[in-house]
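These notes concern the structure reproduced below.
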Amino acid sequence: MVGHKKKGKTIALYISTIIFALIMVFPFIYLVLNSFAVWNEVDQKIIPAHFTLRSWTFLFGGATTSAAVPWIGAFVHTFIVATISTVLMVVIGLMVGYALAKVEFRGKKFVDNFILFQMFFPAIILLIPQFLLITHLHMLDTFAGMIIPTMVSLWAIFMYTNFFKAIPDTLLEAAKMDGATDLTILFRIILPMSKSITTVIFLFLYTDRWTNLLWDMIVSKSNSTITLNVLVSQMFGPYASYPGPMYAASVLLTLPLIILFLLFSKRFQEGMQFSLK
């Protein structure tokens, strides 16, 4: 009798998990299906009866109304900005986190508390000072203006600091006795040990930067720097009567992030186990 109850609970758990998983992935499935649906069936049925590539050909210049829209360029710009920004955030977070966790210096406690204090303030309060700064530095409508103000992540510093505190000091002392410098210890000993947490930090930061709309809209003033999320947001005006291409554009914006998470899912799960401890 007990075995049947346990089996029933397990089945109920699996069923509820499947239901919640379907609820989570349904929006993306809906996006994909409607991006390939014939235009008179878009948003008319959950699963369209007929499919076509018309929305995608329209998106990439298959119609005169969309021929001038720089989708490929916007995708490349988004990749450049998101990748460089995220790498800088990870490297800076790695180095500052190591210093706060393992290096003794005057004012260390103050810096640690100041970073924690700053995390409680919404980033939007820095929007005007950042805009004034890049304006005075003539960085409007440049990749530098989109990257430099976002290259420091206090959250990354906080995560690395707490992770490095769990690493035994005896390991680092042994390395120093062998003549290793702090940079050698950081990049040859600490970094290989922190691959999982680095994956978590990288994926979260990359997702946030890839989908950053507000700052990109402020800085980008031309097609030479426009990013994919800005381009998608601009479609809601002139292309509001073309829902099929809108869904195709949304898939184009979302798909790279899903592929990235699938490629690093194992290390992401390992890193999340530590971050939730």
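The values are calculated or read from the model by the stated rules, or taken from the named source; none is laboratory data. Because the structure is a prediction, the values reported are computed rather than measured. Don't worry about glycine lacking a Cβ; one is built from the backbone with ideal geometry, like all the others, and counts go over all protein chains shown. Accessible surface is based on the protein model in full, side chains and every heavy atom, while ligands, DNA and RNA are left aside. Shrake-Rupley method; radii C 1.70, N 1.55, O 1.52, S 1.80 Å.
Taken over the range 154-173, residues that are farther than 16 Å from V90 by Cβ and open to solvent by 50 Å² or more (accessible area, probe 1.4 Å) amount to 7.
For the range 127-142, enumerate the residues that are open to solvent by less than 70 Å² (accessible area, probe 1.4 Å) and either touching a Pro at 6+ places or on another chain (Cβ under 8 Å) or within 30 Å of L172 (Cα to Cα) (or both). Within the range 127-142, Q130, I134 qualify.
Annotation for the range 143-153: at least one member residue is open to solvent by 30 Å² or more (accessible area, probe 1.4 Å), among the aromatic types (F, W, Y), more than 25 Å from Y98 (Cβ to Cβ) and in contact (Cβ under 8 Å) with a residue 24 or more places away in the chain. Output the residues belonging to the range 104-126 that are of a type in the set (A, V, I, L, M) and open to solvent by 40 Å² or more (accessible area, probe 1.4 Å). Once the filter is applied, which keeps residues that are of a type in the set (A, V, I, L, M) and open to solvent by 40 Å² or more (accessible area, probe 1.4 Å), the range 104-126 yields V111, L116, M119, A123, I124, I125, L126. Look through V38, V25 and report the one residue that is over 23 Å from the mean Cα position of the chain (by Cα) and either of a type in the set (A, V, I, L, M) or farther than 28 Å from W71 by Cα (or both). Step by step, each of V38, V25 is checked, and only V38 is over 23 Å from the mean Cα position of the chain (by Cα) and either of a type in the set (A, V, I, L, M) or farther than 28 Å from W71 by Cα (or both). Within the range 56-71, identify whether any single residue is of a type outside the set (A, V, I, L, M), surrounded by fewer than 17 Cβ atoms within 10 Å (Cβ to Cβ) and more than 24 Å from P245 (Cα to Cα), and answer yes or no. No, the range 56-71 contains no residue that is of a type outside the set (A, V, I, L, M), surrounded by fewer than 17 Cβ atoms within 10 Å (Cβ to Cβ) and more than 24 Å from P245 (Cα to Cα). Listed by first and then second residue, the pairs linking a residue in the range 19-47 that is touching a residue at least 12 places away in the same chain (Cβ under 8 Å) to a residue that is of a type in the set (S, T, Y) and surrounded by 11 or more Cβ atoms within 10 Å (Cβ to Cβ), with Cβ atoms under 6 Å apart and 6 or more places separating them unless they lie on different chains, are L31/Y247; L31/S250; N34/Y247; S35/S55; S35/Y247; V38/T52. Note on the range 193-236: among residues that are among the aromatic types (F, W, Y) and either within 26 Å of K165 (Cβ to Cβ) or not in a helix (DSSP H, G or I) (or both), the one that is least open to solvent (accessible area, probe 1.4 Å) is Y206.
Taking residues in the range 186-212 that are closer than 17 Å to W155 by Cβ and outside the structural domain of E173 (by the TED database), and partners anywhere that are surrounded by 20 or more Cβ atoms within 10 Å (Cβ to Cβ) and modelled with pLDDT of 90 or more, not one pair has Cβ atoms closer than 8 Å while being at least 6 places apart or on different chains. Highlighted here are the helices (runs of 4 or more DSSP H) found entirely within the range 107-175 that include at least 3 residues which are closer than 28 Å to T199 by Cβ and within 20 Å of the chain's Cα centre (by Cα): 143-147, 154-165. For the range 31-84, a residue qualifies if it is assigned to a helix (DSSP H, G or I), β-branched (V, I, T), at pLDDT 85 or above and not assigned by the TED database to the domain that holds M246, and exactly one does: V32.
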